[in-house]
Amino acid sequence: MAVRGETGELIHARAVQDIAKARYAFPTPRYPHYKTYVNHPQRTMAVRTFDNRALFPDIVVVLDPENYAKLLGEVETAETVNGDEAREWKVFSELGPLYLYVPVGHAEEAKKLCKQVKAQVVGIRTWRYVVGYEEVEINDYFTQWVGVEDLLPKPIGDRLRPFVPGKRD
């Protein structure tokens, strides 16, 4: 796990809270049984690995009251878009659909790191604070589209994938 300085920790804590409010404001009328937990600065909801270890992604959305993980969000700062964190992204991506939030200018690097460690993130989003505004700005950089070819047995799906329009790497 990468180490952030005091300023980096403050920025990270603020970004986690603001991204959770902007993108994961559950429950909603459409999703009344989803509930959002934020694990920064205090840990509030763990996600269990197959060997029963408790991990704490920055944002966890669960189906309430069963507490099944529905969505995971991991927020990075400029200091933490690196190989050590990417290995953590891989573990998180195996526990539930993972959205990765990186500062503007670090998305391509994050995407390359995900490919290197084979972290199957659902999406990469960029974030920043614009001078003079209090709200975080979030932009979609990459979304892994899941189509019928992803549901078929691997050899068949791999053969169909090149013919599916709109599929991005």
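The values are calculated or read from the model by the stated rules, or taken from the named source; none is laboratory data. The model shown is predicted, which means the values in this text are computed figures rather than measured ones. Using ideal geometry, Cβ is built from the backbone for each residue, glycine included, and neighbour counts are taken over all protein chains shown.
Counting only residues that are at pLDDT 95 or above, assigned to a loop (DSSP other than H, G, I, E, B) and touching a helix residue (DSSP H, G or I) at 6+ places or on another chain (Cβ under 7 Å), how many does region 26-82 have?
Qualifying residue count for the region: 5.
Out of curiosity, is Val117 touching a Leu at 6+ places or on another chain (Cβ under 7 Å), β-branched (Val, Ile, Thr), surrounded by 11 or more Cβ atoms within 10 Å (Cβ to Cβ) and at pLDDT 85 or above?
Criteria not met by Val117.
For region 62-77, which positions are touching a Gly at 6+ places or on another chain (Cβ under 6 Å) and free of Cβ contacts under 8 Å to residues at least 40 places away in the same chain?
If the condition is that a residue be touching a Gly at 6+ places or on another chain (Cβ under 6 Å) and free of Cβ contacts under 8 Å to residues at least 40 places away in the same chain, then Ala69, Leu72 are the ones that fit.
If the requirement is being touching a residue at least 40 places away in the same chain (Cβ under 8 Å), touching an Asp or Glu at 6+ places or on another chain (Cβ under 9 Å) and of a type in the set (Ser, Thr, Tyr), which of these qualifies: Thr80, Thr49?
So the residue among Thr80, Thr49 that is touching a residue at least 40 places away in the same chain (Cβ under 8 Å), touching an Asp or Glu at 6+ places or on another chain (Cβ under 9 Å) and of a type in the set (Ser, Thr, Tyr) is Thr49.
Going through region 7-37 one residue at a time, which ones are within 14 Å of the chain's Cα centre (by Cα) and β-branched (Val, Ile, Thr)?
Val16, Ile19, Thr36 - these are the residues of region 7-37 that are within 14 Å of the chain's Cα centre (by Cα) and β-branched (Val, Ile, Thr).
Of the residues that make up region 143-155, is at least one touching a strand residue (DSSP E or B) at 6+ places or on another chain (Cβ under 7 Å) and modelled with pLDDT of 95 or more?
No, every residue in region 143-155 fails to be touching a strand residue (DSSP E or B) at 6+ places or on another chain (Cβ under 7 Å) and modelled with pLDDT of 95 or more.
Could you tell me whether any residue of region 100-108 is part of a helix (DSSP H, G or I), touching a residue at least 24 places away in the same chain (Cβ under 8 Å), crowded, with 19+ Cβ neighbours inside 10 Å and not polar (S, T, N, Q)?
yes
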